[in-house]
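Chemist: One structure coming up, written as structure tokens, with questions to follow.
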Amino acid sequence: MLVAGSVALGIVLHMDSEAGGAVSSAGKADVATQQDRPSVRNGAAANPIPTNPAPAKDLITWTGVVAPGDSLSGLLAQAGLDTDQIREVTGALGSAFDLRRLQPGHSLALTLADDGDPDTVTLEIEDGSRIQATFGDAPTVQKLAPRLDSIRRAGEATVGSSIYAALDRAGIPTRFATDLELILAETFDLRTRLSGGEHFRLMWREHRSGDRVVGDPTIDFAQLDLADGRYDILWPDDTSRRTRIFKDGRLIQTFDQPIRGARLSSSFGLRMHPVHGTMRMHSGLDFAADQGAVVEATQAGKVAFMGERSGYGNIVEVDHGNGVQTRYAHLSALDEDLRVGQRVAAGTELGLAGSTGTSTAPHLHYEIRVDGKPVSPLADERLTGTGSQGRAARSPVLVHDMESALDKLLASNG
């Protein structure tokens, strides 16, 4: 169980089932019917159905799309809500979503009882997720993830003037250039290594709701033919935490990350601080993650600290012996079953990603410290874990499987 700061309303995290609850291809939020409502409110079982149930309320539906300059309060006023009702709805939705992040294109759907009181309010945000508030004796708020289809795609490009231009010409997402630079940062500087003529082949996943692409594409595999050899990079999927880098078929680097399938968003070293606006040492790695993403211990160890640290917000530190510690920061919640001094295995849930401390958006800051000093998690080999020989033995098979899948996709592209 996880604990976090209290909010005025009980928040129930809910994932849509395979059978339904998906966002429609037209982009409008689905409105829950009486049967769709959760049976648990504020963490307690709902009241049993009375012998003589009250007649169902007549519901009126209102939908709107956020336009430039719109506010949530303004849209709710358009829907006919009064000041008190607007305050109640914004308080509910705001307990699960930062309303300052409201953007044009977000959509709002309301079901109103015949007396004008809100029954259900659903805000669909940019990634297809929905924040749904259901009103009654004890209002509840749910964050509904969209049902997404994962579509695998592939492309290849030859570098001319820059990697960004090469990817753009080939119709490959240009943000993959940053992904490559970050993951290779401790192997070599990709920008200075490129002189023109290098060939890249990439495979990635898009996440779709109907015909609409939701969120950022996720890179799975990259094959780089450079002057000194061929580099293959395997990123973790949603069930894995391990990134692997190969050179000419030989495993040269393995990295276990603390969030399954998460994308590296900031590397170790000097950088312009996003809050303070000055060049500062970044003592770890940042992983892009949704609020509430599960954070796991990268290797076995003993919980050394749980709580708050200045700038880091909510934090867990795990001691792995021999002066080595890992640090997991900006958490929105800590696992309340953990205790300082408790031993944990690799993969043990420590908490949930968030934006506590000095942070501009939900993410995870991850550090490795040796004798109290931060080291690069990508370069340091103290936490490579056990089973390295077995992983090395499987390396040719892993690369071959990914190459085969890439070849088939490229061939199907014509």
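Chemist: Could you please find all residues in region 209-253 being in a strand (DSSP E or B) and surrounded by fewer than 17 Cβ atoms within 10 Å (Cβ to Cβ)?
Modeler: As a first pass, look at region 209-253 and keep what is in a strand (DSSP E or B): 209, 212-213, 218-226, 229-234, 242-247, 250-253.
Across region 209-253, the qualifying residues are Arg212, Val213, Asp225, Gly229, Arg230, Arg242, Lys247, Arg250, Ile252.
Chemist: With the condition kept exactly as written, say whether any residue in region 191-200 is within 24 Å of the chain's Cα centre (by Cα) and on the phi < 0 side of the Ramachandran plot. Working first, answer last.
Modeler: Here is the first cut: in region 191-200, the ones within 24 Å of the chain's Cα centre (by Cα) are none.
No, region 191-200 contains no residue that is within 24 Å of the chain's Cα centre (by Cα) and on the phi < 0 side of the Ramachandran plot.
Chemist: Does Gly307 meet the test of being modelled with pLDDT under 90 and either open to solvent by 10 Å² or more (accessible area, probe 1.4 Å) or farther than 24 Å from Lys143 by Cα (or both)?
Modeler: The answer is no for Gly307.
Chemist: Now for a different question. Which residue pairs have Cβ atoms under 7 Å apart, sit 6 or more places apart or on different chains, and have a first residue in region 274-285 that is within 19 Å of Pro377 (Cβ to Cβ) and modelled with pLDDT of 60 or more and a second that is open to solvent by 20 Å² or more (accessible area, probe 1.4 Å) and part of a loop (DSSP other than H, G, I, E, B)?
Modeler: So the pair list comes out as Arg280/His273; His282/Phe268; Gly284/Phe268; Leu285/Ser267; Leu285/Phe268.
Chemist: Take Gly390 and decide whether it is open to solvent by less than 50 Å² (accessible area, probe 1.4 Å), modelled with pLDDT of 90 or more and either out of contact with any strand residue (DSSP E or B) (no Cβ under 6 Å at 6 or more places or on another chain) or part of a loop (DSSP other than H, G, I, E, B) (or both).
Modeler: Values: open to solvent by less than 50 Å² (accessible area, probe 1.4 Å): yes; modelled with pLDDT of 90 or more: no; either out of contact with any strand residue (DSSP E or B) (no Cβ under 6 Å at 6 or more places or on another chain) or part of a loop (DSSP other than H, G, I, E, B) (or both): yes.
Considered against the rule, which asks whether it is open to solvent by less than 50 Å² (accessible area, probe 1.4 Å), modelled with pLDDT of 90 or more and either out of contact with any strand residue (DSSP E or B) (no Cβ under 6 Å at 6 or more places or on another chain) or part of a loop (DSSP other than H, G, I, E, B) (or both), Gly390 comes out as no.
Chemist: Something else about it: Among the residues of region 108-123 satisfying the criterion of being under 22 Å from Asp70 (Cβ atoms) and open to solvent by 10 Å² or more (accessible area, probe 1.4 Å), which is nearest to the chain's Cα centre (by Cα)?
Modeler: Pro118
Chemist: While we're here: Considering only region 174-196, I want to know if a residue exists there that is part of a strand (DSSP E or B) and farther than 26 Å from Val375 by Cβ.
Modeler: Looking through region 174-196, none of the residues is part of a strand (DSSP E or B) and farther than 26 Å from Val375 by Cβ.
Chemist: Would you please list the contacts, defined by Cβ atoms under 8 Å and residues six or more apart or on different chains, that run from a residue in region 323-337 that is touching a residue at least 24 places away in the same chain (Cβ under 8 Å) and open to solvent by less than 10 Å² (accessible area, probe 1.4 Å) to a residue that is of a type in the set (Asp, Glu) and assigned to a strand (DSSP E or B)?
Modeler: Thr326/Glu317; Thr326/Glu367; Tyr328/Glu317; Ala329/Glu367
Chemist: Take the residues of region 286-303 that are open to solvent by 40 Å² or more (accessible area, probe 1.4 Å) and more than 15 Å from the chain's Cα centre (by Cα): which is modelled with the highest pLDDT?
Modeler: It comes out as Lys302.
Chemist: For Thr358, which of the numbered conditions (1) modelled with pLDDT under 95; (2) under 25 Å from Arg244 (Cβ atoms); (3) not aliphatic (A, V, I, L, M) fails to hold?
Modeler: Every listed condition holds for Thr358 apart from (2).
Chemist: If you take the residues in region 131-177 that are among the aromatic types (Phe, Trp, Tyr) and open to solvent by 10 Å² or more (accessible area, probe 1.4 Å), which one is nearest to Gln223 (Cα to Cα)?
Modeler: Tyr164
Chemist: Just give me the residues in region 130-157 being at pLDDT 90 or above and under 27 Å from Met402 (Cβ atoms), in sequence order.
Modeler: Ile151, Arg152, Arg153, Ala154, Gly155, Glu156, Ala157 - these are the residues of region 130-157 that are at pLDDT 90 or above and under 27 Å from Met402 (Cβ atoms).
The values are calculated or read from the model by the stated rules, or taken from the named source; none is laboratory data. Note that the coordinates shown come from a computational prediction; the quantities given were computed from them, not determined experimentally. Note that each Cβ is placed from the backbone with ideal geometry, even for glycine, and that neighbours are counted across all protein chains shown. Accessible surface is based on the protein model in full, side chains and every heavy atom, while ligands, DNA and RNA are left aside. Shrake-Rupley method; radii C 1.70, N 1.55, O 1.52, S 1.80 Å.
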